[in-house]
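Data block below; observations after.
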Amino acid sequence: MHRFKVVVAALVALSLAACQKPTSALPDDMSLGNPNAKVTVVEYASVGCPICAKWQKEVFPAFKAKYVDTGKVHYVFREMLVGGGAEVTVASAGFLISRCAGKDKYFAVNDAIFASQPGVFEDPRNTLLNIAKSVGMTEAQFNKCISDEPSMLALNKRVEANAAKGVNATPTFEINGKKLEPGYHPLPELDAAIAEASK
């Protein structure tokens, strides 16, 4: 689990360029599945968080197949910036690239960044550039994307809004408004929480 740390995305992204359904959707939420599902699962996570990447690899595919693809759960991903150094560089630039790629490619970019750990921390620029190219972006578009100040400010605003909800570590899961203990949750634990929320 990674503790939350407010950062200024602009600085790290520029440096990279140089080198009960109380859970309501927000206008800039990225989500998968049926918006009218009885259960909404929100994941607060960072693409620079190793524990989030582990969950993404080990649990998310089965979770998605069981709940999201079947319409039983509306899955919402909310962006956080955690850790320090390369983790924040990767997360801030990564989220900017995901947004630039467009809603239809947002999750594919996130998945690719998660899958690129831990190597992405050693060579963030080239790794993220290759991911951007894989979804059709040019190097010029990549450079513009990660140095776009309004996008950086919007990312910081989203992160700060999520932190204001009491989220201070990643991953944090919220099921129909009820937060689970921050950290890695295997599928059986999510099964139990989703079953409870479905009553």
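Go over the candidates Phe173, Phe142 one by one and state the one that is over 17 Å from the mean Cα position of the chain (by Cα), modelled with pLDDT of 95 or more and not charged (D, E, K, R). Let's see the steps before the verdict.
On the way: Phe173 fails: over 17 Å from the mean Cα position of the chain (by Cα).
Phe142 is the lone residue from the list that is over 17 Å from the mean Cα position of the chain (by Cα), modelled with pLDDT of 95 or more and not charged (D, E, K, R).
For the range 73-109, enumerate the residues that are closer than 14 Å to Val42 by Cα, out of contact with any Asp or Glu (no Cβ under 8 Å at 6 or more places or on another chain) and either surrounded by fewer than 16 Cβ atoms within 10 Å (Cβ to Cβ) or among the β-branched types (Val, Ile, Thr) (or both).
Passing the criteria: only Val73.
If I filter the range 150-199 down to residues being in a strand (DSSP E or B) and among the polar types (S, T, N, Q), which single residue comes out as nearest to Ile51 (Cα to Cα)? Give the steps one after another, and end with the answer.
Looking only at the range 150-199, we keep the residues that are in a strand (DSSP E or B), and these are 169-170, 172-175, 178-179.
When the remaining residues are screened for being among the polar types (S, T, N, Q), the result is 170, 172.
Numbers: Thr170: 8, Thr172: 11 Å.
Filtering the range 150-199 for residues that are in a strand (DSSP E or B) and among the polar types (S, T, N, Q), the one nearest to Ile51 (Cα to Cα) comes out as Thr170.
List every residue pair whose Cβ atoms sit under 7 Å apart, with the two residues 6 or more apart in sequence or on different chains, where the first one lies in the range 120-143 and is within 17 Å of Ala108 (Cα to Cα) and the second, anywhere, is surrounded by 17 or more Cβ atoms within 10 Å (Cβ to Cβ) and charged (D, E, K, R).
Val135/Lys105
So, in the range 48-73, exactly how many residues are under 17 Å from His185 (Cα atoms) and part of a loop (DSSP other than H, G, I, E, B)?
2
Out of the residues in the range 26-39 that are part of a strand (DSSP E or B) and more than 10 Å from the chain's Cα centre (by Cα), which is surrounded by the most Cβ atoms within 10 Å (Cβ to Cβ)? Give the derivation first.
Start the filter on the range 26-39 by keeping residues that are part of a strand (DSSP E or B), which leaves 30-33, 39.
With the extra rule that they be more than 10 Å from the chain's Cα centre (by Cα), the set shrinks to 31-33, 39.
On the way: Ser31: 20, Leu32: 17, Gly33: 20, Val39: 22.
Per the criteria, the residue is Val39.
The conditions are (1) modelled with pLDDT of 95 or more; (2) closer than 20 Å to Val41 by Cβ; (3) surrounded by 13 or more Cβ atoms within 10 Å (Cβ to Cβ); (4) not hydrophobic (A, V, I, L, M, F, W, C), and Pro186 fails exactly one of them. Which is it?
Against the list (1) modelled with pLDDT of 95 or more; (2) closer than 20 Å to Val41 by Cβ; (3) surrounded by 13 or more Cβ atoms within 10 Å (Cβ to Cβ); (4) not hydrophobic (A, V, I, L, M, F, W, C), Pro186 comes up short only on (3).
Given the structure, is Val42 buried (at least 23 other Cβ atoms within 10 Å of the Cβ), within 13 Å of the chain's Cα centre (by Cα) and assigned to a loop (DSSP other than H, G, I, E, B)?
no
Looking at Asp111, Asp104, which is the one that is of a type outside the set (S, T, N, Q) and part of a helix (DSSP H, G or I)?
Numbers: Asp104 fails: part of a helix (DSSP H, G or I).
Step by step, each of Asp111, Asp104 is checked, and only Asp111 is of a type outside the set (S, T, N, Q) and part of a helix (DSSP H, G or I).
Being out of contact with any strand residue (DSSP E or B) (no Cβ under 9 Å at 6 or more places or on another chain) and surrounded by fewer than 19 Cβ atoms within 10 Å (Cβ to Cβ) is the requirement here; does Glu196 meet it?
Details: out of contact with any strand residue (DSSP E or B) (no Cβ under 9 Å at 6 or more places or on another chain): no; surrounded by fewer than 19 Cβ atoms within 10 Å (Cβ to Cβ): yes.
Considered against the rule, which asks whether it is out of contact with any strand residue (DSSP E or B) (no Cβ under 9 Å at 6 or more places or on another chain) and surrounded by fewer than 19 Cβ atoms within 10 Å (Cβ to Cβ), Glu196 comes out as no.
The values are calculated or read from the model by the stated rules, or taken from the named source; none is laboratory data. What you see is a predicted model; the values in this text were computed from it and never measured. Neighbour counts run over all protein chains shown; Cβ positions are idealised from the backbone, glycine included.
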